[in-house]
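Worksheet: one structure, shown below.
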Amino acid sequence: MPNPNHWLVKQEPEKYSWETFLHDKTTLWDGVRNFQARNNLRAMKKGDLVLFYRSVVEPAIQGLCRVARPAYPDPTASEGDWSVVDLQVLQTLTQPVPLSLIKNHPRLATMALVRQSRLSVMPVSPAEFAEILKLSQTKLP
DNA sequence: GCCAACGTTGGC
DNA sequence: GCCAACGTTGGC
């Protein structure tokens, strides 16, 4: 898959943990009710790489997944125009990358993750993505 | 648990 | 269209 885009999705472990995702292998990323986040979901292409960020409890980037199916209507939305994508687990990062490290890293402190702390689906630049993989000591499969 | 930041709603 | 009130997110 040439030139995949890179993204980051955020979730609280109480709502949907990385461990649950590992068990499920594939999940639909539902419940997004923010227009900016929804538009980011809709910009995802099949095969795009997605970082999984755990919020609230020891905030850190934890895992890597990819878009298995691009945006389609959110079956959990009773009203409004909302979307989901299907995400497929790729691997757990060798070392999680904590938010504290990202905030103190000169090349990562400008990430949307830091600047827009409440956005739950966001793009990641190729340079940011590469740096996070490096910090996590993780190699792409 | 507290609180800041931010998005949404609704009165005017 | 403005803005106050309110609800939610998420770091700490």
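Figures for the structure shown
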quantity: Top-ranked residue of region A:101-134 - restricted to ones that are β-branched (V, I, T) and within 13 Å of DNA strand B (Cβ to nearest atom), ranked as surrounded by the fewest Cβ atoms within 10 Å (Cβ to Cβ); calculated: A:V114
quantity: Neighbours by Cβ (under 7 Å, 6+ apart or cross-chain): first from region A:99-112, free of Cβ contacts under 8 Å to residues at least 24 places away in the same chain; second open to solvent by 70 Å² or more (accessible area, probe 1.4 Å); calculated: A:A109/A:K103
quantity: Strands (runs of 3 or more DSSP E) (entirely within region A:1-88) containing at least 3 residues that are over 18 Å from A:V124 (Cα atoms) and over 14 Å from the mean Cα position of the chain (by Cα); calculated: A:60-73
quantity: Number of the exception - A:T26 against (1) closer than 19 Å to A:S117 by Cβ; (2) open to solvent by 30 Å² or more (accessible area, probe 1.4 Å); (3) of a type in the set (V, I, T); (4) in contact with a strand residue (DSSP E or B) (Cβ under 7 Å, 6 or more places away or on another chain); calculated: (1)
quantity: Tally of residues being of a type outside the set (S, T, Y), under 12 Å from A:L49 (Cβ atoms) and in a loop (DSSP other than H, G, I, E, B) across region A:121-141; calculated: 2
quantity: Every pair of residues 6+ apart whose Cβ atoms lie under 8 Å, when the first sits in region A:1-26 and is on the phi > 0 side of the Ramachandran plot while the second is outside any loop (DSSP other than H, G, I, E, B) and modelled with pLDDT of 95 or more; calculated: A:K25/A:Q88; A:K25/A:V89
quantity: Failed item, numbered, when A:F129 is tested on (1) out of contact with any helix residue (DSSP H, G or I) (no Cβ under 8 Å at 6 or more places or on another chain); (2) under 18 Å from A:Q11 (Cα atoms); calculated: (2)
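To keep it simple, each residue is scored yes or no on (1) modelled with pLDDT under 95; (2) small (G, A, S).
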residue: A:L51; (1), (2): no, no
residue: A:V56; (1), (2): yes, no
residue: A:Q62; (1), (2): no, no
residue: A:E79; (1), (2): yes, no
residue: A:L93; (1), (2): no, no
residue: A:N104; (1), (2): yes, no
residue: A:S117; (1), (2): yes, yes
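The values are calculated or read from the model by the stated rules, or taken from the named source; none is laboratory data. Quick caveat: nothing in here was measured; it's all calculated off a predicted structure. Cβ atoms come from the backbone with ideal geometry, glycine included; neighbour counts cover every protein chain shown. All accessible areas refer to the heavy atoms of the entire protein, side chains included, with ligands and DNA or RNA removed. Shrake-Rupley method; radii C 1.70, N 1.55, O 1.52, S 1.80 Å.
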